[in-house]
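Worksheet: one structure, shown below.
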Amino acid sequence: MNSAPMRIQLTWEEPATGDMREPLLEVPIALGRDFNSMETQLQGSPVSRIVLNSLEVSRYHALIVQDISGLMVIDQDSRNGTFVNGVRRPRSALTNGDTLQIGPYAITVSFVARTQLRPPRSSQIFFSPQTQLPDPNQPAPQPPRNNEVNQQAFPPRIFDEEQVAVQDVYATGVEVEEVDYLAVGGGLGSFVWTDFLRISGVKSSQITALGIAPQPYARYQQLCQSSQIPPHERLRSNSDSCPDNIWGWPSYALREAWRDLFRGRVSTSLRYLWQVFAEPTFIQTYTPRSGNVFDSIDREAKRIGWEQIFRYGNVRAIRKTADGRYCVAYSATQTEQRKHGFVIARYVQLATGYPAIRFLPDLQDYRLKAHDFQSVVNAYEPHDHVYKYLEEHGGIVLIRGRGIVASRILQRLYEARKRNSEIQVVHLMRSLKPQGNKFRQAQRSVEHHYEFQPFNWPKGCWGGELREIMEKADSQERQRLLADWGGTTTADRTDWKRIVDQGIRSGWYNIEFGEVEKVEREANKLVTYIQEKKFKGQLRLEADFIIDATGLEADVSASPLLDDLVTHYNLPLNDLGRLSVSNDFEMVEMRSSRGQMYASGIITLGGPYAAVDSFLGLQYVALRTVDAIAKSKAPRLRKLNFVTSLYQWLKWAGNVSP
């Protein structure tokens, strides 16, 4: 008599986006990139199918079945093999908590009969609109509810319509501003786009930028400081471009080298120049100090008149107007009064950035139950008290996540150990990483289960073969490319690698692998219970502090503004769940008779460019969108040529208004 099919839960992180997937399935389960070629092999029995969208994954890669000996995974003669707990195996028994590595996908197997399903992976910390800081008590923002009878509701009921009449907007009695160009977000994406417009001949009076912080780098700066990158520290991610300088020359490295040369620091200056001109394969790529970046943006902001362009406002909704433009409704708090306003514009750019911070559900459950916001923190929350306590008293820190932010947290803890050697670090990783992502002949290196990202990857996307491949690909192919190019990676820095090696040898840094079951406080210690992978048993990890370094949230639905826009106009999303844009980053479905709408940054991931949230990506998108707007004969906008570009660069070098 056959028993009922076994049900298991597979859990993995999408390499392209970081989103969690946790399907509950009955065996047998087929895993692969494309099952069209295996239809005849699976006919006759119901088979659950998991599509893993990566070129590293074979069309029919592996099969999970149940036989008399238990649960088995069988590799189907795949090109890159199937790894079980870091070891390549053609056939292997599976136990609860095992990890399957198939291409860039690290998939954890959980037996549902033994444990309860985990809550959906949707815990988020939203930013306070007043402080730009992540606030764990901040409720999730809600989209505008225009159907309320309350007369104080904003936006007004006219925003229920597909198009709003301009005269109806004025009839509300709320302040209305009309401009040609409107940047929504007010952050770095808005600033770079505005910079391109100003250099291309647009007057500051024709541009408005709506945001909630006067400095365009305010949120980025706060995230840097919280994740332990103060002004004197160097940024961790790629910085081949300069947000203050569309030409990219002189770069931050050249400017820093010149300053040091004039101060008599010849060897330091030459080292920076070597980092600029040497092949990144042979030398660690230069990245600027965060303070230098922010100071240079301040300089450019004054030059282009950002203070006159910026308006304080929390954008609530965007609608098409009957005369072929766009109307944006925003709210602004001044002292104790709530102020509302409208901006009507022909060309709108959305650069809203990350709406929230990811927070692991088990840590969120603990904080809500224990009301403990001091010992369990997110790396992007202000948490300097952790390092202060450790430097005075010592203790154990548990790090979750293994990306760029985690690397900086570990370096900060290493610095704290110089003041107190009684600091221990436990790094909990969900799965082993036996090999790095592959693309054609290239493959990322892996050490101690960290996958290292070369700094020059976004540079290749800018003007090389990778960018051209991405532009020509369809939406599904782009998802595959991003899965192979992306993933959770750590900056390839020699200083940080040295810290890891020293920590492991000295015993103050240990890496553990497992799936978290719960977090509790016991006898003044935080105890993380995990299903440990090496011995297939439950393991207790004790710590004084837990730091979640798993990253930022980019889901469109987490932004009430974008969620409202997508819902109201039934806009398509790409295969990664982000805004669908053309190769010029236009939201084609939002085009009006007299205007166009564009998007920039992480909300376009899965579109024609890979590194959309890098400095380079923001500048590339601005270049493409401004060129596209210039083709539509936009007012006062002139496409740069060699002569005008050189003229504008000389103005930039002399700090003269464009």
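The values are calculated or read from the model by the stated rules, or taken from the named source; none is laboratory data. If you're wondering where the values come from, they're calculated on a predicted model, not measured in any experiment. Cβ: placed from backbone, ideal geometry, glycine included. Neighbour counts: every protein chain shown.
At-a-glance table
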item	result
Condition check for A599: surrounded by 24 or more Cβ atoms within 10 Å (Cβ to Cβ) and not polar (S, T, N, Q)	yes
Index of the failed condition, N570 passing every other in (1) out of contact with any strand residue (DSSP E or B) (no Cβ under 6 Å at 6 or more places or on another chain); (2) closer than 30 Å to R236 by Cα	(2)
Residue within the stretch 329-342 that is in a strand (DSSP E or B), in contact with a Leu (Cβ under 9 Å, 6 or more places away or on another chain), crowded, with 23+ Cβ neighbours inside 10 Å and at pLDDT 95 or above present	yes
Subset tally (residues that are loosely packed, with under 15 Cβ neighbours inside 10 Å and hydroxyl-bearing (S, T, Y)) for the stretch 608-644	2
Near pairs, Cβ below 7 angstrom, 6+ apart or cross-chain, from the stretch 62-90 (on the phi > 0 side of the Ramachandran plot) to any residue that is of a type in the set (S, T, Y) and surrounded by 20 or more Cβ atoms within 10 Å (Cβ to Cβ)	N85/T99
Number of positions in the stretch 469-504 that are more than 16 Å from L52 (Cα to Cα) and in a loop (DSSP other than H, G, I, E, B)	6
Only one of I504, I547 that is under 24 Å from P382 (Cα atoms) and not polar (S, T, N, Q)	I547
Any hit, the stretch 226-237, residues being assigned by TED's automatic domain parsing to the domain that holds I304, over 26 Å from R624 (Cα atoms), crowded, with 22+ Cβ neighbours inside 10 Å and of a type in the set (D, E, K, R)	yes
Long-range neighbours under 6 Å by Cβ, at least six apart or interchain, first residue under 19 Å from I602 (Cβ atoms) within the stretch 190-203, second assigned to a loop (DSSP other than H, G, I, E, B)	S190/A351; F191/P216; V192/P243
Any hit, the stretch 93-107, residues being at pLDDT 90 or above, crowded, with 17+ Cβ neighbours inside 10 Å, of a type in the set (A, V, I, L, M, F, W, C) and not in a strand (DSSP E or B)	yes
Set N524, N510: member being in contact with a Gly (Cβ under 9 Å, 6 or more places away or on another chain), surrounded by fewer than 19 Cβ atoms within 10 Å (Cβ to Cβ) and not assigned by TED's automatic domain parsing to the domain that holds M20	N510
Residue in the stretch 528-540 that is crowded, with 17+ Cβ neighbours inside 10 Å and acidic (D, E) present	yes
Any hit, the stretch 46-62, residues being modelled with pLDDT under 90 and more than 30 Å from A473 (Cβ to Cβ)	yes
Criterion: surrounded by fewer than 23 Cβ atoms within 10 Å (Cβ to Cβ), touching a Phe, Trp or Tyr at 6+ places or on another chain (Cβ under 9 Å) and not in a strand (DSSP E or B) - qualifying residue of D365, D372	D372
Neighbours by Cβ (under 8 Å, 6+ apart or cross-chain): first from the stretch 297-308, more than 17 Å from Q648 (Cα to Cα); second surrounded by fewer than 17 Cβ atoms within 10 Å (Cβ to Cβ) and not aliphatic (A, V, I, L, M)	E307/P214; Q308/S205
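Results for (1) touching a Lys or Arg at 6+ places or on another chain (Cβ under 7 Å); (2) of a type in the set (S, T, N, Q), shown as yes or no for each residue.
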position: H383; (1), (2): no, no
position: E391; (1), (2): yes, no
position: K418; (1), (2): no, no
position: S421; (1), (2): no, yes
position: K433; (1), (2): no, no
position: I469; (1), (2): no, no
position: L481; (1), (2): no, no
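Per-residue answers, yes or no, for (1) without any contact (Cβ under 8 Å) to a residue 40 or more places away in the chain; (2) crowded, with 22+ Cβ neighbours inside 10 Å:
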{"residue": "A406", "(1), (2)": "no, yes"}
{"residue": "L413", "(1), (2)": "yes, yes"}
{"residue": "E422", "(1), (2)": "yes, no"}
{"residue": "S431", "(1), (2)": "no, yes"}
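Listed here are the residues, each with its yes/no results for (1) modelled with pLDDT of 95 or more; (2) of a type outside the set (A, V, I, L, M, F, W, C); (3) part of a loop (DSSP other than H, G, I, E, B); (4) on the phi > 0 side of the Ramachandran plot.
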site	(1), (2), (3), (4)
R198	yes, yes, no, no
S205	yes, yes, no, no
L210	yes, no, no, no
I229	no, no, yes, no
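Conditions tested, residue by residue: (1) touching a Ser or Thr at 6+ places or on another chain (Cβ under 9 Å); (2) modelled with pLDDT of 95 or more.
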position: L261; (1), (2): yes, no
position: E279; (1), (2): no, no
position: I297; (1), (2): no, yes
position: I309; (1), (2): yes, yes
